[in-house]
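> Submitted below is the structure of interest, expressed as structure tokens.
Coordinate-derived values only; no laboratory data. Just so you know, these numbers come straight off a predicted model, no measurement behind them. With ideal geometry, Cβ positions are generated from the backbone for all residues, glycine too; neighbour counts draw on all protein chains shown.
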Amino acid sequence: MSHQLGLILLAALAALGGLGLLHSLRRRSRPALPYRKTDHLLTPAERSFYEVLRRLIGDDLRLFVKVRLADLVWLPHDVDNRQAHVNRVAAKHIDFVLCDPRTFAPVLAVELDDSSHEARHRQQRDALVNAVLRTVGVPLLRVPVKRSYVPSEVAEDIRSAMRG
């Protein structure tokens, strides 16, 4: 009897081992996703400017980074060529967006422009972003990248841009 029990236990262990091996092979056969975590959400220049903005606005406004342009606008469903318009803004983002702290309505978009904005394709992208934000009534402040920023000058630029 104990011999039969031993065989049953051995068969059960073999079956469990086989199931484990089968499960392991199935997991390995699935392709792994190619994504990797980015080291930093902001570039050093963006991080530097972020700190200036954060100190300037305090609790008066909310500061968001890398906001999709498509999240700042909407399109009525009956617009001609709607999908083409969606596609034009879908992959674009705004570096910084200042929002009303109560409603989270955007009150100012801020783009930090480095030398890449001199390229023709970037100028076309910038022209579209400018036009879209102007159309929906969100003021846009373009700030050239610098080694450092004078907070009082940035504050004045923000006030001026928000006044329109």
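> Would you mind counting up the charge near P101? Only other residues with Cβ under 10 Å from its Cβ, with Lys and Arg at +1 and Asp and Glu at -1. Present the calculation step by step, with values, prior to reporting the outcome.
Numbers: positive: R62, R102; negative: D59, D60, D100.
Net charge around P101: -1.
> Quick one: divide the alpha-carbon radius of gyration of the stretch 62-152 by 2.2 N^0.38 Å and tell me what you get.
Output field value: 1.16.
> Could you run the Karplus curve 6.51 cos²θ - 1.76 cosθ + 1.60 with θ = phi - 60° over the stretch 100-115 and give me ³J(HN,Hα) per residue in whole Hz, x for Gly and Pro?
For the stretch 100-115, the Karplus-derived couplings read 4, x, 8, 9, 6, 6, x, 10, 7, 9, 10, 10, 9, 9, 9, 5 Hz, x marking Gly and Pro.
> Going by the alpha-carbon gyration tensor, a ≥ b ≥ c the square roots of its eigenvalues, is the stretch 69-116 rounded (a/c under 1.5) or, if a/c is not under 1.5, prolate (a/b greater than b/c) versus oblate?
Details: a/c = 3.99, a/b = 1.29, b/c = 3.08.
Oblate is the answer for the stretch 69-116, as a/c is 1.5 or above yet b/c matches or exceeds a/b.
> Enumerate the amide H contacts of D114 below 5 Å, restricted to partners 5 or more residues apart or on another chain; note that Pro and chain-start residues carry no placed amide H.
It is V145, by chain and number.
> Under 20 Å from the Cα of K146, which lysines turn up, not counting those fewer than eight places away in the same chain?
K66
> In whole Hz and in residue order, list the ³J(HN,Hα) couplings for the stretch 47-59 that follow from phi through the Karplus curve 6.51 cos²θ - 1.76 cosθ + 1.60, θ = phi - 60°; x for Gly and Pro.
With coefficients 6.51, -1.76 and 1.60, one gets 5, 4, 5, 4, 4, 4, 4, 4, 5, 5, 8, x, 9 Hz.
> Give me I158, I57 ranked fewest to most by other Cβ atoms within 10 Å of their Cβ, as a rough exposure proxy.
Fewest to most other Cβ atoms nearby, the residues stand as I57, I158.
> A further question follows. Only bridges with both residues in the stretch 44-163 count here: give the DSSP antiparallel percent, nearest 5. Before the final figure, lay out each step's value.
Numbers: 10 of 15 bridges.
Counting DSSP beta bridges with both partners in the stretch 44-163, the antiparallel share is about 65 percent.
> So who's got an amide H within less than 5 Å of the one on L141, skipping anything under 5 residues away but keeping other chains? H placed 1.01 Å off N, in plane.
HN-HN under 5 Å from L141: A109, V110, E111.
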